[in-house]
1. Going through region 381-407 one residue at a time, which ones are over 19 Å from ALA333 (Cβ atoms) and at pLDDT below 90?
2. Mind listing whichever residues of region 170-211 are closer than 18 Å to GLY92 by Cα, buried (at least 19 other Cβ atoms within 10 Å of the Cβ) and small (Gly, Ala, Ser)?
3. Is there a residue being more than 22 Å from PHE326 (Cβ to Cβ), in contact with a Phe, Trp or Tyr (Cβ under 9 Å, 6 or more places away or on another chain) and not β-branched (Val, Ile, Thr) anywhere in region 422-440?
4. Within region 414-425, is there a residue that is surrounded by fewer than 19 Cβ atoms within 10 Å (Cβ to Cβ) and in contact with a Leu (Cβ under 9 Å, 6 or more places away or on another chain)?
5. Of the residues LEU134, LEU97, only one is among the aliphatic types (A, V, I, L, M), part of a helix (DSSP H, G or I), in the same structural domain as PRO192 (by TED's automatic domain parsing) and touching a residue at least 12 places away in the same chain (Cβ under 8 Å); which?
6. Only one residue in PHE427, PHE410 is touching a Pro at 6+ places or on another chain (Cβ under 9 Å) and either without any contact (Cβ under 8 Å) to a residue 12 or more places away in the chain or assigned by TED's automatic domain parsing to the domain that holds PHE357 (or both), so which one is that?
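The values are calculated or read from the model by the stated rules, or taken from the named source; none is laboratory data. Since the model is a prediction, treat every value here as computed from it, not as a measurement. Here the Cβ positions follow ideal geometry from the backbone for every residue, glycine too, while neighbour counts run over all protein chains shown.
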Amino acid sequence: MTQIRAVACDLFGTLLHLPDPWFRRLAPKLLGVPARAWLSAVRQVGLRQSFSAVEELVSALAEQAGASQSPGQELLVQALREQVAQAQLTAGALSVLRFLRRRGLKLALVSNLSSAHARVLEDLGLRELFDAQLLSCNLGITKPSPEVFSRLSQELGLPPSQILVVGDSEASDGAARRLGFPVLLVGSQRLPRFFRLGWLSWEDTGFAPLLAEGQRLALGLKTWRVERIEPLAEGQEGRYNLLATVVASCGEEEELFFCKRFWDPAAAYVDALARSLAQRLELPVPEAWVVEDGEPLGISQAVKGKPYTSPPNPEVAFDLGAHLAFAYAFANADIRPRNAFVTVDVKGRERLTLIDFEHCFLNLALPPELVAQSEASGALARMTLVQARSLAQRQVITPKTIVRARNEFFPWREASAAVREAFAEGFSWCWERMHARLEELLAPVRAALAHQPPLRVGTWRFRRRLALCDVEEMEFRLRQPLSEVLALFTRET
């Protein structure tokens, strides 16, 4: 099987939506030239030459088409500027591009366009995403010329079989197949919209769907049928992972879920393990499952609540104290207001529900170069807690960072006595439960040491496999007396 190592995208009609320009229809009339002459000018000059100004481009097009100087040129300049200004990214496209890069795939842009249209790359902040940019106005040649795709392979340093070409034209983009490139066309059954590329497998050129309409999802005691898949709204995308909303049905019932494709697939199991521990402690977290069909995906119930806003009432402060106790014990680096929602339980009580748990279980951040050496030699698996602490570059979760996280939720100094008291009660309630059930909680974490593939924990910079020293670190924390720990978390700074 050939693994895809790069994705080459067309621009307009694939990544960007471009309003239908009225000048495309009226330009020949404005210039007083036949439509055929205008189209020939666009193909021979507009798409193959670079101009420093829009006026120069329009003037060259008019001259090539055989038009004399006319007021129509000024109207064309205005229309072209308006069209470029109205270009918009297709929904979810930016998230998919960033996710592809995080997964280690190279990106290229291969597009037939004028130098005026190329300016949208700066306007929308796209240029920095691509390792190679093959624009016809700079190359002097257009797709479907074989030379364009030959240059693509050369610039990426990869054979055609490892470069997926994604576009919207069978004539222009589909021509890459004849040179050995796999091709997917936007608008086809397999790729109805560009963002769905993020939900296909890239392990080989079969591009099997990981998530698709009609797919059956066994979630708990029910089996759901996927009805619709949509990208998240702009500004709600994940920082590392790819997210989508899924509307699914089970008989007459319809439910909204969130689906997460992790930048590190093994993180799906880390998230699931941490959630299961929080659920054992009866902390408010949404139900979630790992779906394994080609690659593990995280599926969670949509939280029926509102994003957290400060200040909390005593009910919410109680849950915040409990969540922070859990975060300190199990090194949850994801405890932030942006990951918190205020919900209402069946008794009408407000609860603080957290949604992200993939960055749990790593507190001792070892230097990356040491991690590479110790994982290769097997030394990490044998490393004791004392050794790990002496080698750690820093600790991710400390009383100071937890207090900082608490203050992100609400300013401690400004909180009422009732809120402070509820926070301390919630922290104490959770800590005592964890202390009493220490072995029960640590048993599944110890079992996870044997997980295949190995569970990798931590954030981007300090990521490494879960090790025995991590479990020992959690046990050490959980054995600390409540009075000692609570004093650290109820201080002002």
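1. ALA381, ARG382, listed by residue number.
2. Of everything in region 170-211, just one residue is closer than 18 Å to GLY92 by Cα, buried (at least 19 other Cβ atoms within 10 Å of the Cβ) and small (Gly, Ala, Ser), namely GLY198.
3. Residues of region 422-440 more than 22 Å from PHE326 (Cβ to Cβ): none.
Looking for residues that are more than 22 Å from PHE326 (Cβ to Cβ), in contact with a Phe, Trp or Tyr (Cβ under 9 Å, 6 or more places away or on another chain) and not β-branched (Val, Ile, Thr), one finds none in region 422-440, hence no.
4. yes
5. Selected residue: LEU97, the only one of LEU134, LEU97 that is among the aliphatic types (A, V, I, L, M), part of a helix (DSSP H, G or I), in the same structural domain as PRO192 (by TED's automatic domain parsing) and touching a residue at least 12 places away in the same chain (Cβ under 8 Å).
6. PHE410
Here's the yes/no breakdown for (1) out of contact with any Asp or Glu (no Cβ under 7 Å at 6 or more places or on another chain); (2) closer than 30 Å to ALA317 by Cβ; (3) without any contact (Cβ under 8 Å) to a residue 12 or more places away in the chain:
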| residue | (1), (2), (3) |
| --- | --- |
| VAL226 | no, no, no |
| PRO231 | yes, no, no |
| ASN241 | yes, yes, no |
| CYS250 | yes, no, no |
| GLU254 | yes, no, no |
| PHE258 | yes, yes, no |
| ALA274 | yes, yes, no |
| ALA278 | yes, yes, no |
| ILE299 | yes, no, no |
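Residue-wise test of (1) modelled with pLDDT of 90 or more; (2) crowded, with 18+ Cβ neighbours inside 10 Å; (3) in a strand (DSSP E or B).
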| site | (1), (2), (3) |
| --- | --- |
| ALA8 | yes, yes, yes |
| ALA27 | no, yes, no |
| LEU30 | no, yes, no |
| ARG43 | yes, no, no |
| GLU56 | yes, no, no |
| ALA60 | yes, no, no |
| GLU63 | yes, no, no |
| SER68 | no, no, no |
| GLN73 | no, yes, no |
